[in-house]
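Remarks on the structure that follows.
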Amino acid sequence: MPAFGQAYKQLYLFMNNHFDLEAVTWDLDPSRVKRAQSIARQLIQAIPDSKGMTAIEVGCGTGLMSFCLEDHFSKIALVDSSEGMINVLNEKIAKQEIEHFNTYHLDFLELPEEVPAVDVIYSLLTLHHIRDYRKALESSKDRLLAGGYLCVADLEKEDGSFHAHIPGYDLHNGFERDEIQQVMTDLGLKVIHNEICYVIESDKSGELRKFPLFMIIGKK
């Protein structure tokens, strides 16, 4: 865990405890499965000639998106800071006897040498949970091979309603797409894709709300 001070430590532990508790029932929500399937298809369509490449999923959770890409990439490293999520993921991998998935229980901010450089790095609804998201994007870019792709699918800027059910949540309420595109450009990536890719519909206090997700892809 990076030494970002006591406040960061408390938030880190709080968020991971939340996801640890959610892990066992995470896959039971059909909307999560549908979302992962849709965004995985769009990722494949947006990256030319990616069949057979190697990949990392940052913030993989139980691996819903990577299981959609199981037959597309030759190797996938799945990284998450929640031990509960990784435990569920490992059980799924063992049950399905998947040999080209490797899991890592690691903090998102630092991808160590044990995680190999790859052709594609992708994340789904992960970046807004990382306080220093710029550092996370830079760390991901550094693990890309030449000509590789960084794909971020995340929440558009909203008023805080999306995480209202999580007491004490004070991370990012989504992002302005132009802001993420600018960070990628500043890191030397060429943005090849920037579009709304999905809309989450959620009942918030008796009101049906829509929360758009964007997908931005930068090429190294």
Scanning the range 73-103 residue by residue, the ones that are under 16 Å from A55 (Cα atoms) and surrounded by 18 or more Cβ atoms within 10 Å (Cβ to Cβ) total 8
Out of curiosity, is I166 loosely packed, with under 12 Cβ neighbours inside 10 Å, on the phi < 0 side of the Ramachandran plot and of a type in the set (V, I, T)?
no
In this structure, does F175 turn out to be modelled with pLDDT under 95 and buried (at least 19 other Cβ atoms within 10 Å of the Cβ)?
no
Single match in E207, E156 (criterion: of a type in the set (D, E) and in contact with an Asp or Glu (Cβ under 9 Å, 6 or more places away or on another chain)):
E156
Is it true that T54 is buried (at least 23 other Cβ atoms within 10 Å of the Cβ) and more than 23 Å from E195 (Cβ to Cβ)?
no
Suppose we keep only residues that are among the polar types (S, T, N, Q) and part of a strand (DSSP E or B) within the range 191-219. Which one would you say is surrounded by the most Cβ atoms within 10 Å (Cβ to Cβ)?
N194
Set V118, V88: member being within 16 Å of the chain's Cα centre (by Cα) and in contact (Cβ under 8 Å) with a residue 12 or more places away in the chain:
V118
In the range 33-51, which residue that is among the charged types (D, E, K, R) and at negative phi is surrounded by the most Cβ atoms within 10 Å (Cβ to Cβ)?
R35
Which listed residue, of I192, I130, is in contact (Cβ under 8 Å) with a residue 12 or more places away in the chain and touching a Leu at 6+ places or on another chain (Cβ under 9 Å):
I130
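The values are calculated or read from the model by the stated rules, or taken from the named source; none is laboratory data. Given the structure is predicted, the values throughout are model-derived calculations rather than measurements. Note: ideal-geometry Cβ built from the backbone for every residue, glycine included; neighbour counts use all protein chains shown.
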